[in-house]
Each structure stands twice: as C-alpha cells, then as structure tokens.
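As structure tokens, the structure follows; a few thoughts come after it.
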Amino acid sequence: MIDLLIGAIKAILIIFLALNLAAILLWFERKGSALIQDRVGANRANITGFGKRLGLPNVGFVNTLMADPLKLFTKEDFVPQDADKFIHALGPFLALFPVLITFAVVPFGNEIRIAGRTINLQAAPINAAALYILATIGIGVYGVALGGWASNNRWALLGAIRATAQMISYEIAMGLAIIAVVVTYGTLDLQAICHAQGGVWFGWLPRWGVFVQPLSFILLLTAGMAESKRVPFDLPESESELIAGYYLEYSGGKQAAFMLTDFAEIVLVSALAVTFFFGGWQIPWLAANGFHLPGGAFIAVNPLVVSIFGIIAFFVKVVIFCWIQILVRWTLPRFRYDQLMKLGWKGLVPLGLANLLVTALVVVLTQGTV
Amino acid sequence: MPMGLFWFLAVVTVIASLGVILQRNPVHCLLSLVVTLLAIAVIFIGEDAVVVGFLQAIVYAGAIMVLFLFVIWLLNIGADTGPSGHLALKFFGGVAAAALIAELLIFLLPPHLKVKFAGHSATYGSIESLARTLFSQYIVAFEITSILLLIAIVGAVALARRGPGSQLAKSASGSAPAERVL
C-alpha cells in the first residue's frame, strides 16, 4: 500500500513539474524573444495590478501565466464542418500523451533513504528505458498526423504530412544518438547511466557523457529540436505559408493541448540531454558523503541533503537547456524543406552511424572499461 | 502478468482487430491496427519479453504504420473504396477464412499446443539474452536478413533516384507547384 502511494507521489511529482515547466516556458519564451528583439514583451495582462501589489516590476509574470491558459480554455471549441469529429478531438491528446508518459523513465534524483526505505527517484524504473523512450517518441507522430488529416483542410493536411515526414526522419538520428550512449555505458537503464556519470577524470573533470560522446549530444539536441517542430525546424507550422499547419483548425483547449505538447517536448529534450550527457542529477565533485573539491578539500554534507541537492541540480540543468533551445529558436531563421531533409538524411544520419561505429569499436577494444 | 490485465488487453486486441476489418474509412482501420499492435506489445512486455514488446512498438506502431498512413494519403484512398461486392470473391474469401480458422483451432488447442508459458529463466526476454541468442545461434539468419533489407533499400533508392534526363528529373527542374509546397 505504502509502495503504491510512493509510486503515485513520484508520478504526480514528475508530471506536475513537467507540465508546470512547460507552461512557464510559454511566458519564458515571450519575454525571452522580447529580450532578444529589444522589445518589452508581454506586459499587458496585468488586470488587477497583481505584480505591482507584490512589489514586483510590472512585467506581468503571474498574470501572463494565468491569462494565457484562461484565454485559451474559455474560447469557443470550433470543429470544422465535414471534419472527422472523433479523430479531430482525439488528435491533440494523442500528441500530448506520449510526451508526458516519457517522463516516467527520466530519473530526477538519486535513490533516497528515508526511514529505512530506499526510494528510487524515477517514476517507472524499467530496465529497457532507452527503448521505451524511442517507442513513445515514435508513437507521438500520430497525434500531429491524424489531427491535421481530420481537420479536412488542405493547409492542415500539408502541415501534417510535413510534420510526419520530419518527425520520422529525425527520429532515426535521435535513435542513433541514444544507441551510441547505450553502447558506451552498456545499459538501457537511465538511472544506471546517471550513476555511471558520477566521479571525476584526472581529479577534476566530471565523468559526464558529453565528454565521451560530444557528437552524440549535438545529434540528440538537433534531432530533439526537430522533433519538437520549432524554429529553425518549424516547417509543419510555418505561419507565413501554412498559416499554422496541422493545428490550423483547432481552437480553445485543443489548441492549448498542441501548444503544451510543443513546450513539453522542449522540457523532454532538455531532460534527455541532461540525463544522457550532463550527469542527470549528478553535481560535479559531490559524492554521497560530501564535496570532494579538485584541490583536495573536502566538505562533508548529510546524504539526505546530497539527494535533495541532486533533485535541484537536475531541474536547474533542465531549465538551462530549455533556455538554450529558446535562444536557438529566436536566433536562427527557418530552413527550406530540402535543406531540412538534407540535414537529416545526409548530415545527421551518416554522422550518427559513423559515431556509433567508432563507439562500438572503442568499447570492444577497451572491453567496455570507459 | 495479472490475469485481469491479460483479459483486458486480449479484449482490446480483439475489438481493435475487428475494427481493422469492419470499418470503412482506411484511416480508422489504420488507427485500429495501431491499437492492436500496441496492445500486443503490452502483452509481450507483461510476459517478460520486454525488448520484443518495445521493438514491436517502435518498428510496427511507430514506423511501419506511419508508412501505411503515407500510402493512404498519397494514393488518396477515400472511405467509399470498400471491397467489391463480387459474389465469387466473397465465396473464396469465406473458404479461405474458414480454412484459416480450422487450422488455428486444430493446432492451437491443447493436444498440439505443448508450449509452457511459465517457469522461464530469470534473464528471459532481457536484451542480454536476446542479443546472445541472436548473435550466436541465429547469426547466419540475422546476417541474411540484414542483407535482404540492404537490397531492398538499394532497390528503393535506385527506383526513386532522379537520373539526369529522366522524366522525373525534367518535371522536378520545372518545380511543379505541389512539390514546392511540400
């Protein structure tokens, strides 16, 4: 019974954090884009002067966060005539669901020991987690594809076809990047991969995956951004020629679900990059009993506090990667479609294969002692 | 796997597979097929064949069904393209279905079915044991399969390639509006 309760709390915690981070990112992106383009950004939604009353500058932080979803959920839920009503309603949730369930295998902290009980801070500790991620990402295509098709609109269908082609193309590069990491660490278990990234090389360099698999990291981040269909990969949505692509005929809550999917995917890609390449919840030089600083200094820390530091470190790293993705979005222009396909099939896939080959060779020659 | 979960998945699988053959709209049929494949993948995982289950979800539900979706879209198959009502076709279809059911009944009922589902080793279905079997006992079959797939890929590239002077290359250089949009 208590195990069931702990499992439920873990699941709720990770979903709560993922969904809230996704919602905060919407505001983050509006203000971030404003910063980059030298504008003020979203500052109108301040109906009751909430920010001022709290002594905050009039940035609309709390209010934009509340106003955006409130506006979306109170709008009319429009279904076009001759649309496939069942699949039209199913589409956004078919897109959102696989992204959210992927968070189940992301370890957001080390094993915590409370009252003689060891709690693994991973909602679903399955030992084939890397395959699970590839499976859920693969299924995520259907929401976009069927949502666009069911709208009975040519622009939406074109957007859906573009999105499907783009997602299955970049899934291969993403899979190759993940497989290279799996080969390096010899396990599919994400918590074990995080454990393997503890400790240091040469007395100071953290044993993070990015120093072993730098190419893999770039592949995963690029392919992940293409999967989330954002600039410079936003051809399925391109406002200028396809209006909004696959979610053109959606309004209200369903459109909000598609938006949430995009932002949840950003969080997911960040979480995967952090788990595979930046030590997950590992903090440099922090072992289970305290900080072992490079100079030889040692600061003792309570093991429970170390675990809590780990959770905080994981989320700080995830937020940093979300910010990097937003920076990229507002820095680069959109690709042309042939450039997108060339980058995917002639750039990332051969690079990923070569990387995998070299990794496998090195692992076999060193007998997996990386 | 708990019995209740098995029955739930079994019922979902049967209903979804009936949906594949009974529905008129090809996209609805495809969606039913995806549900069928995913339910079978979960049954695999429940029976400890974890890797096979996930590979089923990745390869069939995640990749091959998307290909089917593309075929349906690009050939523009509408809801009205049902089977033709030809009597001979229905007759032979019925005979084939009856033969298949009879065969399944004969070979899957107790006297023939000797497979035991319980009592496998602890590493059963793990990626280690699967890889060990695949790359030692079945290595020849595995390599032959990969060469077959390679031939298929080379063949597909050769068919789709736009050589200089081919009809496709000419129309591409004129860049038809439809291609530019895509």
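Largest GNM mean-square fluctuation across A:VAL144, A:VAL106, A:VAL328, computed for chain A with C-alpha springs under 10 Å, falls on A:VAL328. Projected label points at B:TYR138 and B:LEU74, each 7 Å from Cα along the beta carbon direction, are separated by 3.0 nanometres. With the cut-off at 1.5 for a/c, could you classify segment B:1-79 from its C-alpha gyration tensor as rounded, prolate or oblate? Since a/c reaches 1.5 but b/c is at least a/b, the shape of segment B:1-79 is classed as oblate.
Computed over the Cα atoms of segment A:78-365, the ratio of the radius of gyration to the Kirkwood radius (Rg/Rh) comes to 1.02. In this structure, the residue pairs whose Cα-Cα separation is over 28 Å, taken from A:LYS31/A:LYS346; A:LYS85/A:LYS346; A:LYS229/A:LYS346; A:LYS31/A:LYS229; A:LYS31/A:LYS342, are A:LYS31/A:LYS346; A:LYS85/A:LYS346; A:LYS31/A:LYS342. Net charge in the neighbourhood of B:ILE127 (other residues with Cβ under 14 Å of its Cβ; Lys, Arg +1, Asp, Glu -1) is -2. Given 37 °C and 0.692 mPa s, compute D for segment A:298-367 with the Stokes-Einstein relation, Rh being the Kirkwood radius over Cα pairs; round to the nearest whole µm²/s. Stokes-Einstein gives a translational diffusion coefficient of 198 µm²/s.
Please compute the length gained on full extension between A:ALA8 and A:ASP77, using 0.36 nm multiplied by the number of residues separating them and subtracting their Cα-Cα distance. Don't jump to the answer; show the numbers that get you there.
Values: separation 69, 0.36 × 69 = 24.84 nm, distance 3.22 nm.
Working it through step by step, the gained length comes to 21.6 nm.
Over the protein assembly as shown, dividing the summed -39,500 (n - 2.57) contributions of all DSSP H runs of at least 4 residues by the number of residues returns a 222 nm mean residue ellipticity of -20500 deg cm²/dmol.
Note on B:ILE153 and A:ILE114: with the Förster distance fixed at 41 Å, the Cβ-Cβ geometry gives a FRET efficiency of about 0.20.
Only helices reaching 30 angstrom along their own axis (Cα) with mean Kyte-Doolittle hydropathy no lower than -1.0 count here, and for the DSSP H runs of chain A these are A:2-36, A:154-185, A:252-277, A:303-329.
Here the calculated FRET efficiency for A:ALA300 and A:TRP345, from their Cβ-Cβ distance with R0 = 56 Å, stands at 0.60, rounded to the nearest 0.05. Both radii come from the Cα set of segment A:62-164: Rg as radius of gyration, Rh as Kirkwood radius; their ratio Rg/Rh reads 1.15.
A Förster radius of 45 Å, combined with the Cβ-Cβ distance separating A:VAL200 from A:TRP330, puts the computed FRET efficiency at roughly 0.80.
All other residues with a Cβ under 14 Å from the Cβ of A:ALA95 taken together, and with Lys, Arg as +1 and Asp, Glu as -1, what is their net charge?
Result for the neighbourhood of A:ALA95: -2.
Computed over the protein assembly as shown, the P(r) curve from all C-alpha pair distances, binned at 20 Å from the origin, holds 17, 51, 28, 4, 0 percent per bin.
For A:SER33, neighbours were defined as the other residues whose beta-carbon sits under 13 Å from its Cβ, and their charges (Lys and Arg +1, Asp and Glu -1) total +3.
FYI, it's all coordinate maths here, none of it is from the lab. Keep in mind that this is a model prediction, so the values were computed, not measured. Every residue, glycine among them, receives a Cβ derived from its backbone with ideal geometry; neighbour counts consider all protein chains shown.
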